[in-house]
Amino acid sequence: MTMNSRPNRLAKEKSPYLLQHAYNPVDWFSWSDEAFEIAKRDNKPIFLSIGYS
């Protein structure tokens, strides 16, 4: 997978699993009110990953 030179918003998380994805080219959200508010505002579905590694 291609890694970005800039971290995404997961770089601020404490979870070791989420931190593994901090440089992915995907604009991930952790489980939060912000994620649901933006999805609703933009009329986009939620893609939920249960996390595995």
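The values are calculated or read from the model by the stated rules, or taken from the named source; none is laboratory data. Bear in mind the structure is a predicted one, so any value in this text is a computation, not a measurement. Note that we place each Cβ from the backbone using ideal geometry, even for glycine, and neighbour counts take in every protein chain shown.
Observations
- Some residue of the stretch 10-17 being exposed (fewer than 10 other Cβ atoms within 10 Å of the Cβ) and either out of contact with any Ser or Thr (no Cβ under 7 Å at 6 or more places or on another chain) or of a type in the set (Lys, Arg) (or both): yes
- The residues in the stretch 39-53 that are surrounded by 10 or more Cβ atoms within 10 Å (Cβ to Cβ) and farther than 11 Å from residue 29 by Cβ can be counted, and the count is 2.
- Taking every residue in the stretch 29-53 that is under 21 Å from residue 14 (Cα atoms) and pairing it with any residue that is modelled with pLDDT of 90 or more and not in a helix (DSSP H, G or I), at least 6 positions away or on another chain, the pairs with Cβ-Cβ distances below 8 Å are 30/13; 30/15; 35/29; 35/46; 36/46; 53/20.
- Filtered residue count, the stretch 5-24, keeping only those that are within 10 Å of the chain's Cα centre (by Cα) and either in a helix (DSSP H, G or I) or under 15 Å from residue 47 (Cβ atoms) (or both): 8
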